[in-house]
Amino acid sequence: MTEPSPEHPPIAAPLGSVTTARLDLRPLRAEHRSGLAPVFAKPEVWQYPLGRGFTRSETEAFLDRQVHSWATRGFGLWLAVERSTNRAVGFVGLSVPTFLAEILPAVEVGWRLDPDAWGKGYATEGARAALDEAFTTLGLAEVCSIVQTENIASMRVAERAGLRQVRTVEVAATEQRGALEAVLLAITRDEWVRASQHPTVRPRE
């Protein structure tokens, strides 16, 4: 068990890579830049909250933060790779919602996928894998998700993954965007077990 943190609950063990029925989920690394940059550049990927795609430097900074998260926290976001094509289709995984300090310590499940991969159920499949790892490997008691109110598609993914709406929250403005209205969703370990929603997930060797 890790030491308590002001940002997230202690974890029982660090995460690794995971394989689902259709996705390989690998800890994000700097070398994933070439696969993710074209995906992140698409405006649809970052429509919420930015209304535009990422620049190359924004993608690099994002990956730097993820490398740091994996090294210091023992968990983070995975690169989502479509197993049938070996193509990077975005990311899914667990992070700390530092942008909403009022709920910390907390761990959030999230996802962003290439529009070419939308409509295939990959976001739900990856989110369920992340929740399974959160409640087993990490040993968390609860996981949340913060979804912008207008982002109906992500709201549906969160609910299909088993999260329930808790309340509306306001996310403070940053240099890149204005203040946002969002919905806080959550699921506890007991709710996850009772729902029996999680897929069979095999850790990669």
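The value of relative contact order for the stretch 18-141, using C-alpha pairs under 8 Å at least six residues apart, is 25 percent. Annotation: amide H of His8 within the under-5 Å range of Ala106, sequence separation 5 or more or interchain, hydrogens built in the peptide plane. Note on the chain: GNM, Cα springs under 10 Å; of Ala173, Ala21, Ala61, the largest mean-square fluctuation is that of Ala173. Length available on full extension from Glu181 to Arg52: 0.36 nm per residue minus the Cα-Cα distance, which gives 44.6 nm. Treating the Cα atoms of the stretch 18-141 as identical point scatterers in vacuum, please give the log10 of the normalised Debye intensity I(q)/I(0) at q = 0.14 Å⁻¹, two decimals. So the normalised log intensities work out to -0.58. Contact order normalised by length for the stretch 33-88, with contacts defined as Cα pairs under 8 Å and 6 or more residues apart; what percent is it? RCO, the stretch 33-88: 26 percent. Rounded to the nearest 20, the Cβ-based charge dipole of the chain about its Cα centre (Lys and Arg +1, Asp and Glu -1) stands at 560 debye. Length available on full extension from Glu170 to Arg87: 0.36 nm per residue minus the Cα-Cα distance, which gives 26.3 nm.
Stretching Thr136 away from Ala61 to a fully extended chain increases their span by 24.0 nm, per 0.36 nm per residue minus the current alpha-carbon distance.
For the stretch 82-125, relative contact order (Cα pairs under 8 Å, six or more residues apart, normalised by length) works out to 36 percent.
Readers should treat all values here as calculations from the given coordinates under stated rules, not as data from a laboratory. All of these numbers come straight from a predicted model, not from anything done at the bench. Reconstructed Cβ throughout: ideal geometry from the backbone, glycine too, with neighbour counts over all protein chains shown.
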